[in-house]
Amino acid sequence: MARRKKIYEGKAKILYEGPEPGTLVQYFKDDATAFNAEKRATVEGKGVLNNRLSEFFMKGLAQVGIPNHFLKRLNMREQLIRQVEIIPLEVIVRNFAAGSMSTRLGLAEGTALPRPIVEFCLKDDKLGDPLVSEEHVTAFGWASQQDLDDMVSLALRVNDFMSGVMLAAGIKLVDFKIEIGRVWDNDFQRLIVADEISPDSCRLWDVETGQKLDKDVFRRDLGSLSDAYTEVARRLGVLPSNVTHAAKPTLIN
Ligand code: TMP
Ligand code: ASP
């Protein structure tokens, strides 16, 4: 079989050249990293779960009219996506204080915020993805004011959709990160949601118990990451049938 051209390899995914111009194949790895890759592990089955979960969220976003890069799932670990020009910013939306916001502002984790807050971080591993202001974004030319307005609007729409989907599964969407890319339709530029949406890039707490069901389980050594992601997938009804972690044997009395 002809070898595919690798376009990019990140910490959790690999991008290969796609079958048609303007497409890419996104491969989900089992690698988990945190704190700028200072902490690493391989979590068997994570890539399979995240491929399915990202497909589920992106398809749902498209169904409510939020444009994104997803075209179709190819197999257990790969999906076909539209090639975009990634804007070098992580767009974070927070509904409740947690993580770096709690540290920075001295807010107890779980404190409800007065309204959803959108933050931008520069995508630069060497600098540890620093928080930047809209002033930085426009002054350094990472995105225009129009792009920023469109990004905030996209991010808030994603937040509304994701919060609702999660709540229906008994999960509170505390915060999440998305990446946004430009696509060109002739001379007309549009911004669409890209990268992935999965428990790697969200904070997800059980509504009743507050149990963490996201990558904080790995960051903070709280238990099995694959069990947490499997639980999210199970509640959303998106469990692939042949993942070994998916179904635990149950004792029949
Ligand atoms: P933070 O509280 O560490 O700033 O994270 C905010 C949200 O962004 C949280 O849901 C985790 C997600 N996130 C990523 O997806 N990638 C990253 O590199 C970081 C730092 C956070
Ligand atoms: N994704 C980042 C890393 O791998 C940080 C994080 O998610 O905590 O280092």
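The values are calculated or read from the model by the stated rules, or taken from the named source; none is laboratory data. Quantities reported herein were computed from a predicted structural model and do not represent experimental measurements. Ideal geometry is used to build each Cβ from the backbone, glycine not excepted, and the neighbour counts take in all protein chains shown. Accessible surface areas use protein heavy atoms only, side chains included; no ligands, DNA or RNA. Shrake-Rupley method; radii C 1.70, N 1.55, O 1.52, S 1.80 Å.
Take the residue pairs K13/K123; K72/K212; K46/K177 and return only those whose Cα atoms are more than 27 Å apart.
Values: K13/K123 16 Å; K72/K212 29 Å; K46/K177 18 Å.
Distance filter (> 27 Å) returns K72/K212.
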*Relative contact order of the stretch 37-103, pairs being alpha-carbon contacts under 8 Å that are 6 or more residues apart, as %*: 22
*Quick one: accessible area per residue over the stretch 18-124, 1.4 Å probe, rounded to a whole number of Å²?*
45
*asked:* Restricting the calculation to Cα positions, tell me the Rg (one decimal) and the Dmax (whole number) of the stretch 71-166 in Å.
replied: 15.6, 44
*State, as an integer percentage, the relative contact order of the stretch 2-67 based on alpha-carbon contacts under 8 Å between residues 6 or more apart.*
20
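For the stretch 5-142, what is the charge dipole size about the Cα centre, in debye to the nearest 20, if Lys and Arg each add +1 at the Cβ and Asp and Glu each add -1 at the Cβ?
Dipole about the Cα centre, nearest 20: 420 debye.
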*the chain - percent relative contact order, Cα under 8 Å, separation 6 or more*: 17
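Taking a temperature of 25 °C and a viscosity of 0.890 mPa s, what whole-number D in µm²/s does Stokes-Einstein yield for the chain with Rh from Kirkwood over alpha carbon pairs? Walk me through the numbers on the way to the answer.
On the way: Rh = 18.9 Å.
Approximately 130 µm²/s, per Stokes-Einstein.
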*How do R182, R94, R4 stack up against each other in accessible area, from largest to smallest, with a 1.4 angstrom probe?*
R4, R182, R94
*Out of residues 5 or more away from T23 or on other chains, whose amide H comes under 5 Å of its own, with H placed 1.01 Å from N in the peptide plane?*
G18, Q83
_Value of [θ]222 nm, deg cm²/dmol, for the chain, DSSP H segments ≥ 4, -39500 (n - 2.57) each, nearest 500_ = -8500 deg cm²/dmol
_From phi via Karplus (6.51, -1.76, 1.60), per-residue ³J(HN,Hα) for the stretch 46-53 in Hz, x at Gly/Pro_ = 4, x, 5, 5, 5, 4, 5, 5
